Amino acid sequence: MLTSRRTQLALLGVACALVLGASTAPGASAAAQRYADPSGSGSECSAANPCNVVDAVAGAKLDDEVILNPGDYALSATLEANHITMHGVAGQPRPRLLFSGLGQQGLRVWYGTLRYLEVDQLQGGGVPTVWAGGHSTVDQLIARGSASTAQIQNSTILNSTVVASAADGTAIQTTVSGATNTSTYRNVTAIATGSGGRAITARALFSAGQATIHAINVIARADVSGDSLRATTDSTGAVATIIATHSNYAGQSTDGPNASIADGGGNQSGAPAFADAAAGDYRVAPGSPTIDAGLDDPLNGLLDLDGAARKLGTTDIGANELLGPAPAPDPDPVPPTTPPVDPPAQGFAGVRLVSTGLTLRGGFITVRLSCPAGTTGGCMGRTKLTARRRTLGRAAFSIGADSRAKVRVRVSRAGRRLFAHKRRLAGRAANAAHSGAGQSKTTVAAVTIRRRSR
């Protein structure tokens with residue numbers, strides 16, 4: 001049934017009023033939590049009655065949170081986790097997504113966040129295990145595959161271990177055909193165990209193709225017949241670049257014109273020490289040259305692969321920090337005179353927008369956020385700015401407890417066009433955050449964005 005233009009305008013006015021009303025309070029939540037369990041069923045997807053992971057993801061809306069209980073999830077079809085956050089439960093065993101069968105392409109995420117998961121690809125061949133694109137964030141991930149394990153497209157992967165086992169297999173790659181793809185790998189351990197394998201590959205095709213990898217605090221290791229780092233192009237003028245900084249790698253190679261591997265400083269080639277590489281345990285072991293050899297940066301995040309503090313002294317290279325010695329037990333402990341009382345549980349309030357007045361300058365909007373005092377492990381997540389039903393841009397943040405931070409959001413070309421004839425727009429800031437204890441909260445606030453010249 002068609003509606004009149006007057007009716008459409010009236011409905012639009014009501015919708016705008018509802019959005020503005022819901023966004024008045026900076027702490028208002030707009031995202032839902034959906035729970036999945038290996039034995040889940042039904043469609044409620046609540047903490048008390050979780051559903052299966054396919055239904056939990058399929059029913060999720062923009063910026064929703066899908067929480068996976070521990071256990072093994074057997075999957076025979078591609079799982080698309082787009083525009084959502086999907087993660088395990090901090091302090092509990094990491095949930096495992098086990099993909100197998102022909103036709104599936106593992107776990108794919110577009111403009112979303114994956115955190116504290118394990119993803120295994122049981123199907124051989126070139127089927128990928130994880131594909132992340134559209135400025136997604138992959139954090140605290142263990143991924144195992146054969147020929148192609150992780151593909152990172154204009155996104156960030158950090159505090160993660162990625163392993164490829166097939167001959168000529170690639171653990172992590174950033175590829176592009178006739179476009180620009182710039183991705184960041186931080187505190188990642190990339191391992192290719194098969195003959196002729198490659199730990200990290202940047203590949204660009206066609207004249208406008210530009211693939212760039214910023215590898216920071218990365219361990220990249222391959223079989224003796226393979227390459228830790230490889231950059232490759234065709235003969236059309238495409239450009240492929242890997243910039244390695246404070247990373248540990250050995251063999252490297254380039255193939256084609258405009259393919260390069262740049263030394264950003266602080267790199268090392270000595271073999272890292274792992275807890276049990278033969279058994280697939282690539283956690284750092286005592287005596288490894290990677291210990292305290294990384295680059296300290298808030299963007300590394302606050303937690304390592306397994307949830308330990310990311311920085312103990314100086315940041316380690318690789319996915320894990322080597323834990324310091326446990327404190328000595330009290331030789332003569334005094335029993336308490338009264339039973340200890342657990343403190344009341346405190347909910348995570350999420351980050352707070354310091355100011356709702358924002359400015360577009362030089363293609364960026366700076367958002368000031370604060371993390372509540374007492375937040376375990378600080379606040380991590382991403383902020384998204386929208387105006388006139390269009391996404392202006394997204395950016396990741398990592399803020400210490402009781403601290404503030406400025407987050408620079410790069411505005412898309414389509415977003416900048418909205419300001420071509422406007423000096424001021426009403427918009428929305430959605431901040432999806434999680435604490436070091438695994439608590440999550442999305443806060444939404446109405447904002448006013450002004451355009452200023454440089």
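Values in this text are rule-based calculations from the coordinates and carry no lab data. Everything numeric here is computed off the predicted structure, so don't read it as measured data. Glycine gets a Cβ as well: all are built from the backbone with ideal geometry, and neighbour counts include every protein chain shown.
Modelled spin-label separation between Arg361 and Asp263, with each label point placed 7 Å from Cα along the Cα-to-Cβ direction: 3.9 nm.
Here the chain is treated with +1 on each Lys and Arg Cβ and -1 on each Asp and Glu Cβ, and its dipole about the Cα centre works out to around 3660 debye.
Shape class for segment 124-322, computed from the alpha carbon gyration tensor (a ≥ b ≥ c): prolate, with a/c not under 1.5 and a/b above b/c.
Specify whether the C-alpha gyration tensor of segment 144-212 places it in the rounded, prolate or oblate class, a ≥ b ≥ c being the square roots of the eigenvalues: rounded for a/c under 1.5, otherwise prolate if a/b is larger than b/c and oblate if not. Oblate is the answer for segment 144-212, as a/c is 1.5 or above yet b/c matches or exceeds a/b.
Relative contact order of the chain: 9 percent, from C-alpha pairs under 8 Å at least 6 residues apart in sequence. Contact order, relative form, for segment 354-454: 34 percent (alpha carbon pairs under 8 Å, 6 or more residues apart, mean separation divided by residue count). Antiparallel as a % of all DSSP beta bridges within segment 124-322, to the nearest 5? Of the beta bridges lying entirely in segment 124-322, close to 5 percent run antiparallel. Using the Cβ-Cβ distance between Arg423 and Ser225 with R0 = 56 Å, the FRET efficiency computed as 1/(1 + (r/R0)^6) comes to roughly 0.40. In this Cβ point-charge picture (+1 for Lys and Arg, -1 for Asp and Glu), segment 124-322 has a dipole of about 280 debye about its Cα centre. Expressed as a fraction of 2.2 N^0.38 Å, the C-alpha radius of gyration for segment 182-266 is 1.02. The residue list Ile172, His83, Asn69 was ranked by how far each Cα lies along the charge dipole of the chain toward its positive end, using unit charges on Cβ atoms, and His83 comes out on top.
Can you bin segment 352-451 into rounded, prolate or oblate? Criterion: square roots of the alpha carbon gyration tensor eigenvalues sorted a ≥ b ≥ c, rounded for a/c under 1.5, prolate for a/b above b/c, oblate for the rest. In terms of gyration-tensor shape, prolate.
Entry note, the chain: the mean residue ellipticity at 222 nm calculated from DSSP H runs of n ≥ 4, each adding -39500 (n - 2.57), is -2000 deg cm²/dmol after division by the residues and rounding to the nearest 500.
Rounded to the nearest 0.05, the FRET efficiency derived from the C-beta distance between Leu323 and Ala437 at R0 = 22 Å is 0.75.
Using every pair of distinct Cα positions in segment 52-125, the Kirkwood expression returns a hydrodynamic radius of 12.5 angstrom.
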